[in-house]
1. Give the residue, chosen from SER168, SER183, that is outside any loop (DSSP other than H, G, I, E, B) and among the hydroxyl-bearing types (Ser, Thr, Tyr).
2. I'd like the full set of residues that are basic (Lys, Arg), in a loop (DSSP other than H, G, I, E, B) and within 24 Å of the chain's Cα centre (by Cα), limited to the stretch 97-128.
3. Please go through the stretch 207-217 and give me each residue that is open to solvent by 80 Å² or more (accessible area, probe 1.4 Å) and closer than 16 Å to LEU161 by Cβ, ordered by number.
4. Which one of the conditions (1) part of a loop (DSSP other than H, G, I, E, B); (2) of a type outside the set (Ser, Thr, Tyr); (3) under 21 Å from the mean Cα position of the chain (by Cα) does ASN217 fail to meet, given that it meets all the rest?
5. Only one of these is open to solvent by less than 70 Å² (accessible area, probe 1.4 Å) and outside any helix (DSSP H, G or I): ALA190, ALA204, ALA142. Name it.
6. Among the candidates GLU76, GLU10, GLU44, which residue alone is touching a helix residue (DSSP H, G or I) at 6+ places or on another chain (Cβ under 9 Å), acidic (Asp, Glu) and under 30 Å from ALA156 (Cα atoms)?
7. Somewhere in the stretch 17-24, is a residue among the aliphatic types (A, V, I, L, M) and within 29 Å of GLY105 (Cα to Cα)?
8. Out of the residues in the stretch 145-160 that are among the aliphatic types (A, V, I, L, M) and assigned to a loop (DSSP other than H, G, I, E, B), state the one that is surrounded by the fewest Cβ atoms within 10 Å (Cβ to Cβ).
Amino acid sequence: MTEINYTQYEEEKIQSFAKQDNFSYNDLLDLMLILRKRCPWDKEQTHQSVRMNFLEEAYETVDAIDSGDNENLCEELGDVLLQVVFHAQISKECGEFSMDDVINGICRKLVLRHPHIFGDIKVKNTDEVLDNWDKIKAVEKAQKNTRKKLDDVPKALPSLLRCQKLQSRAHKDGKFEYSDMYSELTKEQAEEMIGIQLFNICSAAKLLDINAEEALNRKNNDFIENF
């Protein structure tokens, strides 16, 4: 498509979008392309400049799930999808990858990691499904040892969630044992005690002018270095 035809296509889409009440997935891609070319704010953005927007939209989606508000959930899922399309369009402009590549990649991953559906692997339960998933992922990402598996846990995760993921991966490799200090309590009692301790730790951190998030992340990093 020549530049003049493409511009004509753009103009036709702009006129159409201004009157439309219902839009499709392809309309969203066209909208993002037009905004990146014609909106001063949108075309200035980079992966880094909208990085936190992605996190905020993800948290708002989780809030919608927790609230049981389906109308809000629908809206927040749209906001998350917008972030995906935004980043894909930025990368397409840089000649790196497109939304088609994003979709192709996730579809290929889903097929590969479900050999009990798309292959001849037999599974008895959910645990075996997850075990196969982890094994296939380890091969894909060349996770040959525990240290590599820990390095692959996203550093941008909240420190507490990151800590649990690090411990879980180390535990699966037999390199970490969970504390049993609450093993004699019911789950509800243990949850209450752990919540109290975490709350008190945050209180102490504030009193001592310590960033609890950073403190735990430093410990997370030390944990990885031990491997």
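The values are calculated or read from the model by the stated rules, or taken from the named source; none is laboratory data. Because the structure is predicted, anything quoted here is derived from the model rather than measured. Reconstructed Cβ throughout: ideal geometry from the backbone, glycine too, with neighbour counts over all protein chains shown. Calculation scope for accessible area: heavy atoms of the full protein, side chains included, ligands and nucleic acids excluded. Shrake-Rupley method; radii C 1.70, N 1.55, O 1.52, S 1.80 Å.
1. Values: SER183 fails: outside any loop (DSSP other than H, G, I, E, B).
When all the criteria are applied, what remains is SER168.
2. At the first step, the residues of the stretch 97-128 found to be basic (Lys, Arg) are 108-109, 113, 122, 124.
From what is left, the residues that are in a loop (DSSP other than H, G, I, E, B) are 113, 122, 124.
Selection gives ARG113 alone.
3. Of everything in the stretch 207-217, those that are open to solvent by 80 Å² or more (accessible area, probe 1.4 Å) and closer than 16 Å to LEU161 by Cβ turn out to be GLU213, GLU214.
4. For ASN217, the failing item is (1).
5. That would be ALA142, the only listed residue that is open to solvent by less than 70 Å² (accessible area, probe 1.4 Å) and outside any helix (DSSP H, G or I).
6. On the way: GLU10 fails: under 30 Å from ALA156 (Cα atoms); GLU44 fails: touching a helix residue (DSSP H, G or I) at 6+ places or on another chain (Cβ under 9 Å).
Within the list GLU76, GLU10, GLU44, the selection yields GLU76.
7. Within the stretch 17-24, the subset among the aliphatic types (A, V, I, L, M) is 18.
Checking which are within 29 Å of GLY105 (Cα to Cα) leaves us with none.
Checking the stretch 17-24: not a single residue is among the aliphatic types (A, V, I, L, M) and within 29 Å of GLY105 (Cα to Cα).
8. Here is the first cut: in the stretch 145-160, the ones among the aliphatic types (A, V, I, L, M) are 150, 153, 156-157, 160.
Cutting the leftovers down to assigned to a loop (DSSP other than H, G, I, E, B) gives us 153, 156-157.
On the way: VAL153: 17, ALA156: 9, LEU157: 15.
If we take residues in the stretch 145-160 being among the aliphatic types (A, V, I, L, M) and assigned to a loop (DSSP other than H, G, I, E, B), then ALA156 is surrounded by the fewest Cβ atoms within 10 Å (Cβ to Cβ).
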